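*Asks:* Got a structure for you, written out below as structure tokens; questions coming shortly.
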Amino acid sequence: MRTKLLILLALNTLIFNTAYAQDLLKGQVISAMDNKPLSGVTVWTDFRKKVTTNQDGIFILPVNNGTKAITLFASCTGYIGYHQEIKLPNIENLLIRMAMQVTDLQEVTVNTGYNKVAKERATGSFVQVDHKLLERSVSTNILDRLKDVVPGLIFNKTKGLAAGETSIGIRGQSTLLANSQPLIVLDNFPYDGDVANINPNDMESITVLKDAAAASIWGARAANGVIVLTSKRGKKGQSLVINTSVNYTLLEQPDLTKNQAMTSGEFIEIERLLFTKGFYSATESSVVKAPLSPAVELFIANRDGTLSNTDLNNKLAQLSNIDLRRQYMKYLGQDALLRQHALSISGSTGASTYLFSAGFDANRLSDQGNSYQRLTLNFNDRISMLKDRLSLDLKLMLTRSVNSKPNDGYTSLRMSSTQILYPYAQLVDDDGNSLSVVKDFRQSFTDAAAGNGYLDWTYKPAEDYQFHQNNAEALDYRFNTVLTYKVVEGLTAEASFQFGKLGNQESDLNSLQSYFTRNLINRFSQVTSGQATVYPLPKGAILDRYVSTLRTINFRGQLNYRKELKDFELNALAGYEWRDLEGSSYTNRFYGYNELNGTNTVVDYIGSYPMSYYNPSTSTIPSNDAVTGTIDRFLSYYTNASLAYKAKYTISGSWRLDQSNLFGVNTNQKGVPLWSVGGLWNIGKESFYNVGWLPTLRLRLTYGYNGNIDKNLSALTTARYFSTAATLTRLPYAVVLNPPNPELRWERVKVINLGIDFGFAGNRISGSIEGYTKKGIDLIADIPFAPSTGITLFRGNVANTSVKGIDFTLNTINTRGIINWNTNFWLSYTHEKVTGYSQNATTAIQNLTSSADAGAYPRQRYPLYAMFSYRYAGLNASGEPQGYLNGVPSTNYTAIMAATSLDDLVYSGSAKPVVFGSLMNTAKWKAWSLSANISYRLGYYVRKNSVNYATVLAGQGGNSDYALRWKQPGDELNTIVPKIPDSYVANRENLYLYSDALVFRGDHIRLQDIRLAFDLSGKPKYFFSNLQVFAYASNLGIIWKANKWDIDPDYQGTSASKTFSLGVKINL
Amino acid sequence: MKIQNIYFLSLLFILSGNFAGCKKEYLEAKPSLALTVPTTAADMQGLLDYLTVMNVAPALPQLFVDDIYIPDASLASLTSQDERNVYSWKKEIYSTSYNAEWKTGWEEIFYANIVLDGIAAKPTNEQKDYAAIKGAALFFRALAYYNLAQIFTKPYNPASAGSDKGLPIREVADVNANPPRGILSATYAFMLNDLTTAVPLLSEKLDYKSRPNRMAALALLARISLIMQNYNAAYAYANQSLRLYATLINYNTLSTTASRPFPAVLPKGNDEVLFATSQITNSFMLNMSSAVNAAPELYAKYTANDLRKVIFFNASGKNFKGNYNNASQLFGGIANDEVYLIRAETAIRLGDIDSGLADINTLLLNRYKTGTFVNYTKANTPDPLKLVIDERRKQLPFRGQRMADLRRLNQDPVFKIDLTRTVNGVVLQLPAGDERYVFPIPQGEIQTSGMEQN
């Protein structure tokens, strides 16, 4: 019977399809915002027949006759995709309202990494950055795209950060020594690899979780906030979509002349002064042939009568005209060129929804010879089975990047490890030949070396990098699978599993032509009667290999429950997860490496060899072998629930227990339970509320705890092994890291967040204001201990911090119609201070030297990053800097230092911005859109760099303020820069360099970026559905700054390089 | 519930349940390969092999004693104010609240105690496997107490040691304990006890010179007994040590022109050395070949055929180069020359002049140009004790022993010595037994633990 029916049906379809005319489904698409018809909207049904609306928004779709119901889809750029099941036969004039896809965050769901929460019912503090905002800027690194667009999130310009390293602060810092960086989550699991391996083009959205309710689901690692990255995936019901884009960026090369260094002429004059004082006489007779700069060699020749005064002055004048920085920029630097390609193919066929993407980045970096390449491949597929009850998500991500860095950059140019390269070093002569500079030894010694059996001992920076290869290859892959099963209506069970492996292979090859290799071979050459005869180091390249892998396995089992009962809606989830990270690395060095056949030579690491340049000094051949291994394990249980009533009230709660393999800690102390509660009151939906001009008004309040962990600590005495290479015995040894600390606990942060969301009538003005407090409890810090205990510092849970702040956002639609002009404004205020830390620095100078400039220094009642200084009384009549001693200006520096207590220091304020934010304006006219982002940072203090005579009088140059120094009586009225002293006095220098006269307000407003785009709708006219051409420029400069010295506070001593990008995006 | 639901849920259950079963071990994994809770013999040996803490000796006293001379013009080459203060015999020495001699000594005791605590926690039947390590830890602890006591407590005087202030006795590595200073005799008794316990546990073989051995422990016992003026014991210990190993370097085999004439001690070199330590790096050490001179009065003591004159000093006689370490850090360890001198001195003090002179002769035969040395005999030596004490100074300059010798000999009316020194035109006096022979305890210690100042 059944079979017969099927055959009949099939026949039926065949016959009717051909023989009968189809029904026509007619409708109109209008914009939900202003009810105006929308043209160019693609409309289709299950049967994949596509039509486009005309200028009145009208479409006509053929529908097979007799069909009872179809699903109708509509899509249009800038609008949220529409799909609706429609009962047939057709209703007359079907009206489709399409809602605009707005950057307004209120109508979206936010992804916590565990579940999606409707923003409207979310009690916590979330910020969502959608793909439009992400794609607005151009960068290789995904995190760069959060710059100046997320309230409460700041990219700190902390000193001591390596190039490319970012220090992100979300709502202040609530830890002292433990990790202060937010947790990065990629597709539901913490991402432990290098963020640079993530292709920004693959990301659909980023959610930033800021308060306890939002982040507590991430438990013990959430104290610094959480950044959830969600990658793009195919959309159900969508036909094949191909997106492709390409962009080029020019990144200006850093302007080295902004490094505030004294000029070549000044440098030479100081060398002359030091020479007359006999400063170089010890070096002249140095047994180790210590290097002397060319100017000093000229002075020596002049003194010895081999160079006339006229010749000396001529030669010095020539040297004064050379500027190493410009030489470098010309011959070793360049503008960086960044190229980015992306392709994605997505769609849905039957039960499968898929996306495949590929990305390729090729960057030429600003030091010649250096480059970066990245290839990313991404595939994900969701397969629905068992009538949609079971779904399987598969995801594969693969990244391969190669960072090529043969050129060590400007800062690597040095005369020796302790001496800077003289600023009048010439790298290339007028004929384009690269020149040698003085390096490690005196010119006369290295010049003669080649004749004495040594390898050529000269150093030519302009070409040396060509003999150096440094390639770091990263291979990062992740396999992620999620199985979701609908057990009964409302209850789903899911199991997620992720396996990832990040491999890094760095090879550093210094060929025989490189200075590094020649120098090492020469140093170890055994000299007989002045001739180098025996070479303990083989004459060949030196290869260092560094290999590391990080293997991660994550598993999560979770039950989700959703139940609607009359006016109540319950959402709950509970789960269990474990994470296992295993890292290992090793380094090896190969001497006498032959690239062609991969051979190397064994050397004697044990024997002690006299150094060729000075026989009594002996050394062993440097070894570079080491092995490390790490294991991080986490075990967590969590639950999270929310209950909403009539969409007016929501209460939420979460609880999570984290355990980790904290070293040496008893199992019961390895974990920390963290929880949160929250409530939301949608006042706007109350019947009694009838404020017409403010229809949207919501009140949110949350309270709870987040955690943080310093896994280097242990409750037991722990020691760390060091490998054998460094010691005379070549025995491995162990160093005690910390004494037993049975009181060791996890750090916790108590967070209270109060938020108000508002929207004025017509939705023209909307926004939110959030106030919060974060209290860091049991923070890890150091306190001084009696030396007789065997330790001088004890690290334990001894400090607390407090952060109070406000995040305010305001979005306005200023004009509608021909020109659509929107403004997004946000402002964040953070007030940080250290509380409950009684142990201050022992001396004022210790506080100064270790605080704002070098890093954080906790001091009770003050921000962790605070600006302190000595009170400066200006210069006296003889150009000496004066401080205050017993309230009177004084030059008794030792007494001033001794008498100035911590409390006597001048406190200016925070060294990190207290108020920051941005103002973004976007205007659209026809196909054109223009946007500009202006960022600002206010309420903080920066210390100006200035001249330190310690380096000046050591012949090591100094700050360009040297030119402003006191030179003659009367100058003290116009300058604060002390005169050059006869000899360097540490306290005098410290008084000036750490004086309040050099502290300035860092407040400034910056034009962050501008973007101009042209969008062209294609089909049916062209082969594409949409094409966008855009131009983007960033880091465009300062609009206003508070300081009078013309210093960019965020780039003191460096330059903010502008970027200019051009790109095309095509959607097929 | 449908059958497949049950399947699915049980799968989830198995996956998670399976895992929870091994949860305990799961969280026991070491976060880093390099991390260890020191429990194995290798871990403990690793701690004891940390040269920077375990194999160091005090250096500041070198500036205090009469073997050194720094011309006024060179005083500035001492980069630390503390060094200049010591050289100028200032009462207040420290410009900061810390001092490296103090800190490092206690750190060494802490390390030794961690090892001893670890061994004590082992079951009794396993303890014997740790004998050698226990011996080494006890040796290090005693050595550190010895070093601290030579600077920060009063000179050992048998008459007053029962009432003079000692050092806090730390038998375990508990950083929260704050024992009182106690009496000096207890401090010395503690050292002797550690060492006598260590002697049978330690090996008789010389291996790595940075690791303690039985000879070194006996020699240190001899050294401490000499300071305690217990000559019988000092003789016996020195004798036992030399019976096991008595090698001396014949200086005729060394280069007289080399700027570092002695072979490197580490890992297993310099046959005369029993145990190697380096004096804590200070700026004066790095200027020994230039600004920092040996006292002219010391140099004048060496005769023409004495190879020490050309091996210990450069041609000008100003600069000391006889460092047993062959490194820029001065040697501060234990070598056989000292053990011979202890046996010689104690033999003479105990009345056995012949064997005392025999030891001196053995030593000097290896110090003089071949064929030039004439043996000392009772007949040609009117004052053998003066000879041995003089030879002691000539053999051990800059080895860290002069401070202890001055503190000991100043108690003897015959050998006591009042020192004078001219610094920047000012003549300074340091009478024998002056209280400045005891360095103050650094302020950082007083502030944090409330320890009694000297």
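The values are calculated or read from the model by the stated rules, or taken from the named source; none is laboratory data. Computed from a prediction, not measured in an experiment: that's the story for all the values here. Every residue, glycine as well, gets a Cβ built from its backbone with ideal geometry; the counts of neighbours run over all protein chains shown. When the accessible area is computed, the model is the full protein with side chains, heavy atoms only, and any ligands, DNA or RNA have been set aside. Shrake-Rupley method; radii C 1.70, N 1.55, O 1.52, S 1.80 Å.
*Asks:* Quick one: which of A:241, A:226 is at pLDDT below 95 and either hydroxyl-bearing (Ser, Thr, Tyr) or touching a Phe, Trp or Tyr at 6+ places or on another chain (Cβ under 6 Å) (or both)?
*Replies:* On the way: A:241 fails: either hydroxyl-bearing (Ser, Thr, Tyr) or touching a Phe, Trp or Tyr at 6+ places or on another chain (Cβ under 6 Å) (or both).
Criteria check complete, one pass: A:226.
*Asks:* A follow-up question, please. Return the residues of region A:387-411 that are touching a residue at least 12 places away in the same chain (Cβ under 8 Å), within 14 Å of chain B (Cβ to nearest Cβ) and open to solvent by 50 Å² or more (accessible area, probe 1.4 Å); say none if nothing qualifies. Steps first, answer last, please.
*Replies:* Here is the first cut: in region A:387-411, the residues touching a residue at least 12 places away in the same chain (Cβ under 8 Å) are A:388-410.
Still in the running and within 14 Å of chain B (Cβ to nearest Cβ): A:389-392.
Passing the criteria: only A:389.
*Asks:* Of the residues that make up region B:253-271, is at least one under 20 Å from the mean Cα position of the chain (by Cα), on the phi < 0 side of the Ramachandran plot, away from chain A (no Cβ under 12 Å) and open to solvent by less than 30 Å² (accessible area, probe 1.4 Å)?
*Replies:* no
*Asks:* Additional query: Do we have any residue at all in region A:408-431 that's in contact with a His (Cβ under 9 Å, 6 or more places away or on another chain) and either of a type outside the set (D, E, K, R) or on the phi > 0 side of the Ramachandran plot (or both)? Lay out the reasoning, then the answer.
*Replies:* So the first thing to find is which residues in region A:408-431 are in contact with a His (Cβ under 9 Å, 6 or more places away or on another chain), and the list is A:408.
So of that shortlist, the ones also either of a type outside the set (D, E, K, R) or on the phi > 0 side of the Ramachandran plot (or both) come out as none.
Taking every residue of region A:408-431 in turn, none turns out to be in contact with a His (Cβ under 9 Å, 6 or more places away or on another chain) and either of a type outside the set (D, E, K, R) or on the phi > 0 side of the Ramachandran plot (or both).
*Asks:* Same structure, new question: If we scan region A:347-366, do we find a residue that is within 14 Å of chain B (Cβ to nearest Cβ), part of a strand (DSSP E or B) and open to solvent by 20 Å² or more (accessible area, probe 1.4 Å)?
*Replies:* Within region A:347-366, none of the residues are within 14 Å of chain B (Cβ to nearest Cβ), part of a strand (DSSP E or B) and open to solvent by 20 Å² or more (accessible area, probe 1.4 Å).
*Asks:* List the number of the failed condition for residue B:39; all other conditions in (1) more than 7 Å from chain A (Cβ to nearest Cβ); (2) modelled with pLDDT of 70 or more; (3) within 30 Å of residue A:494 (Cα to Cα) hold.
*Replies:* (3) is the only condition that residue B:39 fails.
*Asks:* Out of the strands (runs of 3 or more DSSP E) lying entirely within region A:858-909, which hold 1 or more residues that are touching a Leu at 6+ places or on another chain (Cβ under 9 Å)?
*Replies:* A:866-869, A:883-885
*Asks:* Give region A:472-505 a look and list any residue that's crowded, with 18+ Cβ neighbours inside 10 Å and within 19 Å of residue A:196 (Cβ to Cβ), or say none.
*Replies:* Within region A:472-505, A:474, A:476, A:478, A:500, A:502, A:504 meet the criteria.
*Asks:* Okay, next question. Kindly evaluate residue A:1031 against the criterion of being surrounded by 18 or more Cβ atoms within 10 Å (Cβ to Cβ) and part of a strand (DSSP E or B). Can you show your working first?
*Replies:* Working: surrounded by 18 or more Cβ atoms within 10 Å (Cβ to Cβ): no; part of a strand (DSSP E or B): yes.
Considered against the rule, which asks whether it is surrounded by 18 or more Cβ atoms within 10 Å (Cβ to Cβ) and part of a strand (DSSP E or B), residue A:1031 comes out as no.
*Asks:* Inspect region A:546-554 for any residue being of a type in the set (Gly, Ala, Ser), out of contact with any Lys or Arg (no Cβ under 8 Å at 6 or more places or on another chain) and assigned to a loop (DSSP other than H, G, I, E, B) and give the result as yes or no.
*Replies:* Taking region A:546-554 and keeping what is of a type in the set (Gly, Ala, Ser), we get A:548.
Next cut, out of contact with any Lys or Arg (no Cβ under 8 Å at 6 or more places or on another chain) only: A:548.
Among the residues that remain, those that are also assigned to a loop (DSSP other than H, G, I, E, B) are: none.
No, there is no match, as no residue in region A:546-554 is of a type in the set (Gly, Ala, Ser), out of contact with any Lys or Arg (no Cβ under 8 Å at 6 or more places or on another chain) and assigned to a loop (DSSP other than H, G, I, E, B).
*Asks:* Residue by residue through region B:166-216, note down the ones that are more than 29 Å from residue B:239 (Cα to Cα) and of a type in the set (A, V, I, L, M, F, W, C).
*Replies:* Residues satisfying the conditions are B:167, B:169, B:172, B:173, B:175, B:177, B:183.
*Asks:* Related question: Anything in region B:154-201 that is among the aliphatic types (A, V, I, L, M), open to solvent by 10 Å² or more (accessible area, probe 1.4 Å), more than 14 Å from chain A (Cβ to nearest Cβ) and in a loop (DSSP other than H, G, I, E, B)? List them, or say none.
*Replies:* Scanning region B:154-201 gives a single hit, B:159.
*Asks:* So, one more: Restricting the search to region A:103-130, which residues are modelled with pLDDT of 85 or more and under 21 Å from the mean Cα position of the chain (by Cα)?
*Replies:* Once the filter is applied, which keeps residues that are modelled with pLDDT of 85 or more and under 21 Å from the mean Cα position of the chain (by Cα), region A:103-130 yields A:126, A:127, A:128, A:129, A:130.
*Asks:* Next question, about the same structure. How many residues does region B:62-120 hold that are of a type in the set (Val, Ile, Thr) and over 27 Å from residue B:405 (Cβ atoms)? Steps first, please.
*Replies:* Start the filter on region B:62-120 by keeping residues that are of a type in the set (Val, Ile, Thr), which leaves B:65, B:68, B:70, B:79, B:86, B:93, B:96, B:104, B:109, B:114-115, B:119.
Applying the additional criterion that residues be over 27 Å from residue B:405 (Cβ atoms) yields B:79, B:96, B:114-115, B:119.
The number of residues fulfilling the criteria is 5.
*Asks:* Output the residues belonging to region A:718-772 that are more than 14 Å from chain B (Cβ to nearest Cβ), more than 34 Å from the chain's Cα centre (by Cα) and either assigned to a strand (DSSP E or B) or modelled with pLDDT of 80 or more (or both).
*Replies:* A:760, A:764
*Asks:* OK, next. If only one of B:97, B:74 is in a loop (DSSP other than H, G, I, E, B), modelled with pLDDT under 90 and within 14 Å of chain A (Cβ to nearest Cβ), which one is it? Reasoning before the result, please.
*Replies:* Details: B:74 fails: in a loop (DSSP other than H, G, I, E, B).
Checking each option against the conditions leaves just B:97.
*Asks:* Could you tell me which numbered condition residue A:630 fails, if it satisfies all but one of (1) among the hydroxyl-bearing types (Ser, Thr, Tyr); (2) over 13 Å from residue A:524 (Cβ atoms); (3) within 14 Å of chain B (Cβ to nearest Cβ); (4) over 40 Å from the mean Cα position of the chain (by Cα)?
*Replies:* Of the numbered conditions (1) among the hydroxyl-bearing types (Ser, Thr, Tyr); (2) over 13 Å from residue A:524 (Cβ atoms); (3) within 14 Å of chain B (Cβ to nearest Cβ); (4) over 40 Å from the mean Cα position of the chain (by Cα), the odd one out for residue A:630 is (4).
*Asks:* Moving to a separate point now. Just need a number here: residues in region A:898-932 that are under 22 Å from residue A:826 (Cβ atoms) and of a type in the set (D, E, K, R).
*Replies:* 2
*Asks:* When the residues of region B:126-147 are filtered to those that are touching a residue at least 60 places away in the same chain (Cβ under 8 Å) and among the aliphatic types (A, V, I, L, M), which remaining residue is nearest to residue B:404 (Cα to Cα)? Before you say what the answer is, go through the steps one by one.
*Replies:* Taking region B:126-147 first, the residues touching a residue at least 60 places away in the same chain (Cβ under 8 Å) are B:129-140, B:142-143, B:146-147.
Right, trim to among the aliphatic types (A, V, I, L, M) and you get B:131-133, B:136-138, B:142-143.
Values: B:131: 31, B:132: 29, B:133: 29, B:136: 24, B:137: 24, B:138: 22, B:142: 16, B:143: 14 Å.
Filtering region B:126-147 for residues that are touching a residue at least 60 places away in the same chain (Cβ under 8 Å) and among the aliphatic types (A, V, I, L, M), the one nearest to residue B:404 (Cα to Cα) comes out as B:143.
*Asks:* Could you list all residues from region B:405-452 that are open to solvent by 70 Å² or more (accessible area, probe 1.4 Å), within 14 Å of chain A (Cβ to nearest Cβ) and farther than 25 Å from residue B:78 by Cα? Talk me through it step by step, then tell me what you get.
*Replies:* As a first pass, look at region B:405-452 and keep what is open to solvent by 70 Å² or more (accessible area, probe 1.4 Å): B:413-414, B:416, B:418, B:420, B:422, B:424, B:426-427, B:429, B:435, B:443, B:447, B:452.
Next, only the ones that are within 14 Å of chain A (Cβ to nearest Cβ) stay: B:443, B:447, B:452.
Passing the criteria: B:447, B:452.
*Asks:* For residue B:347, are the conditions met, namely being open to solvent by less than 30 Å² (accessible area, probe 1.4 Å) and either more than 14 Å from every other protein chain (Cβ to nearest Cβ) or not in a helix (DSSP H, G or I) (or both)? Give the steps one after another, and end with the answer.
*Replies:* Values: open to solvent by less than 30 Å² (accessible area, probe 1.4 Å): yes; either more than 14 Å from every other protein chain (Cβ to nearest Cβ) or not in a helix (DSSP H, G or I) (or both): yes.
For residue B:347, the condition - open to solvent by less than 30 Å² (accessible area, probe 1.4 Å) and either more than 14 Å from every other protein chain (Cβ to nearest Cβ) or not in a helix (DSSP H, G or I) (or both) - is met.
*Asks:* Another question, then. I'd like the residue in region A:322-337 that is in a loop (DSSP other than H, G, I, E, B) and out of contact with any Phe, Trp or Tyr (no Cβ under 8 Å at 6 or more places or on another chain) and, out of all such residues, is surrounded by the fewest Cβ atoms within 10 Å (Cβ to Cβ).
*Replies:* A:335
*Asks:* Then there is this: For region A:190-298, please list each of the strands (runs of 3 or more DSSP E) lying entirely inside it that holds at least 1 residues being open to solvent by 50 Å² or more (accessible area, probe 1.4 Å). Give the derivation first.
*Replies:* Values: elements: A:203-209, A:226-231, A:241-251.
Counting at least 1 such residues, we get A:203-209, A:241-251.
*Asks:* Continuing with this model, one more query. Checking residue A:811 against (1) more than 14 Å from every other protein chain (Cβ to nearest Cβ); (2) out of contact with any strand residue (DSSP E or B) (no Cβ under 6 Å at 6 or more places or on another chain); (3) surrounded by 17 or more Cβ atoms within 10 Å (Cβ to Cβ); (4) not β-branched (Val, Ile, Thr), which test does it fail?
*Replies:* Unmet condition: (2).
*Asks:* Next question. Which residue out of A:316, A:307, A:312 is open to solvent by less than 30 Å² (accessible area, probe 1.4 Å), over 37 Å from the mean Cα position of the chain (by Cα), more than 30 Å from residue A:612 (Cβ to Cβ) and free of Cβ contacts under 8 Å to residues at least 24 places away in the same chain? First the steps, then the outcome.
*Replies:* On the way: A:316 fails: free of Cβ contacts under 8 Å to residues at least 24 places away in the same chain; A:307 fails: more than 30 Å from residue A:612 (Cβ to Cβ).
Residue meeting the stated conditions: A:312.
*Asks:* Still on this model: Any idea how many residues of region B:47-85 are free of Cβ contacts under 8 Å to residues at least 24 places away in the same chain, charged (D, E, K, R) and more than 21 Å from residue B:418 (Cα to Cα)?
*Replies:* 1
*Asks:* If I filter region B:332-359 down to residues being among the polar types (S, T, N, Q) and more than 19 Å from the chain's Cα centre (by Cα), which single residue comes out as nearest to residue B:232 (Cα to Cα)?
*Replies:* Filtering region B:332-359 down to residues among the polar types (S, T, N, Q) leaves B:336, B:346, B:355.
Now drop any that are not more than 19 Å from the chain's Cα centre (by Cα), which leaves B:346, B:355.
On the way: B:346: 7, B:355: 14 Å.
Of everything passing the filter in region B:332-359, B:346 is nearest to residue B:232 (Cα to Cα).
*Asks:* Out of region A:506-534, which residues are surrounded by 21 or more Cβ atoms within 10 Å (Cβ to Cβ) and assigned to a strand (DSSP E or B)?
*Replies:* A:510
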